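Have a look at the structure below, then the notes.
Read-outs: derived from the displayed coordinates by stated rules, not from any lab. As the structure is a prediction and not an experimental result, all values here were calculated from the model. Glycine gets a Cβ as well: all are built from the backbone with ideal geometry, and neighbour counts include every protein chain shown.
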Amino acid sequence: MRITRIRTVDFRNLVFADVNTDNDHVFLTGDNGQGKTNLLEAAGLVSTFRSFRTSEITPLIRKDCKEARIRLDIVDGSGEQVVEIQLAKGSRKAVVNNTPVRSVSQHLGLFPTVVFCSDDLRLIRGQPSNRRRWLDAAIGSTDGVYLNAVRDYQRALEGRNALLKMERPSDDELRAFEKIMFSAAVIINQTRVAVVPELAETLRATCTRSGFPNKGADLIFQADSPIDSLAELWEKNRSAEKITGTTLRGPQKDDFNVLFENQDAADFASEGQQRLLVLALCLGRLKRDVLRTPTPPVILADDVLGELDDTRRRAFWQEVGDSHQVIATGTVPPPSGNWLTYKVSEGTYTRG
């Protein structure tokens, strides 16, 4: 698959952008805050219509505008495709070749992308919410059942939390939300329990192939609560939750640890080692996605290689391989090869 053209209107800081990306390798360079990442974010929307930077729609719409529009021209094994996305407050609409997309789960895998972004480099030391977001993206990009479960759980969780903030929330209404949440939580838990060891295996394999440090690399899933006792915990904690106004237990509190030399990488790995572990983890996710999609994913690499030495950068690109289109940003010039380059300044893209 190749994204050949990206057009946006009122997306982030981009009043209007029309960028030809019809090349195997595209590189965007420029100062921070100029629009490099915004273009990658627009490209990434093609997979699940969700941003890799935020779960909210409002930040994606330019200030004082009512909506944002994105059009992506794509070439894949089926020929030329056009994906159009409209973002407005509280709504997402998508059209593929003039046909409205009714179900995101049925859309999954058709236009796959894998993102390597600077935020990923904070996975190990960052908040659990960062790791949950990454894990949801890693699973949900190819698993529609999981993606729907996460959506259903989040909606019911928001409804339950809103009810808890009321002066006298009804227990019956809380139980109604809990019923929806529990069904979704079972799917979420079972999938995370199964997939995290898969990702750990690809992490170790990628470390071995690419020369990144293995040294006991592993991922350990930490469920907030045993799934078979979750409903009882909601019942037990209901009085406390009415005071705090929020749901205290559930998949929204899950986490996973990254191990290095069989110890927590956040405490025992250096910053450089952590960076390499995260890149290996993301490369491992790429290899997993390749097996689950009908077309090679497009790689969106947002300023992730700047602090690596030449040997590590070469190892990264070698692991990515030649079968993927790559759209990358950064301040370090791209490696040798046929790169289509753009200088980005205040939302304007000038070919280099």
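Quick notes
- Straight-distance candidates among the lysines for linking to Lys66, with alpha-carbon spacing under 27 Å and chain neighbours fewer than 8 residues away dropped: Lys36, Lys89, Lys93.
- Loop GluC sites (Glu not before Pro), region 115-202 (other Cβ atoms within 10 Å of the site Cβ: 15 or fewer; DSSP): Glu167
- Here the extension length gained between Ser170 and Gln154 equals 3.8 nm, from 0.36 nm per residue of separation less the Cα-Cα distance.
- Report summary: the helix-based calculation at 222 nm, which adds -39500 (n - 2.57) for every DSSP H run with n ≥ 4 and divides by the residues of the chain, gives -13000 deg cm²/dmol.
- For the pair Glu261 and Asp119, label points projected 7 Å from Cα toward Cβ lie 3.2 nm apart.
- Extension gain for Lys236-Lys215 works out to 3.3 nm (0.36 nm per residue, less the C-alpha to C-alpha distance).
- The order of the peptides 35-43, 305-313, 343-351 by mean Cβ neighbours within 10 Å, most packed first, is 35-43, 343-351, 305-313.
- Debye, to nearest 20: dipole size of region 189-300, +1 on Lys, Arg Cβ, -1 on Asp, Glu Cβ: 380
- Amide H partners (placed H, <5 Å) of Cys117, local residues excluded: Asp302
- Cβ charges +1 (Lys, Arg) and -1 (Asp, Glu), total dipole of region 242-352, debye: 460
- Gyration tensor verdict on region 2-132 (Cα atoms; rounded if a/c is under 1.5, prolate if a/b is larger than b/c, oblate otherwise): rounded
- Max mean-square fluctuation residue, GNM over the chain, Cα-Cα springs under 10 Å, options Ala162, Ala301, Ala138: Ala162
- Contour excess over end-to-end distance, with Cα ends at Trp339 and Ser129 and 0.36 nm allotted per residue: 72.1 nm
- Label zone of Glu271 (point 7 Å out along Cα→Cβ, amide N under 19 Å): in region 112-132 this covers 117-127.
- Taking the Cα centre of the chain as origin and assigning +1 to Lys and Arg Cβ atoms and -1 to Asp and Glu Cβ atoms, the resulting dipole is close to 600 debye.
- Gap separating the Cα centres of region 82-139 and region 303-318, nearest whole Å: 25
- Placing a label point 7 Å from the Cα of Thr246 along the Cα-to-Cβ direction, the residues of region 96-138 whose backbone N falls under 16 Å of that point are 127-133.
- Peptides 209-216, 276-283, ordered by how many other C-beta atoms sit within 10 Å of their residues on average, highest first, read 276-283, 209-216.
- The phi torsions of region 16-25, fed into the Karplus equation with coefficients 6.51, -1.76 and 1.60 and a -60° offset, translate into couplings of 7, 9, 9, 10, 7, 10, 7, 7, 5, 9 Hz, rounded to whole numbers, with Gly and Pro shown as x.
- Using R0 = 22 Å, the C-beta based FRET efficiency linking Val75 and Thr348 works out to 0.30.
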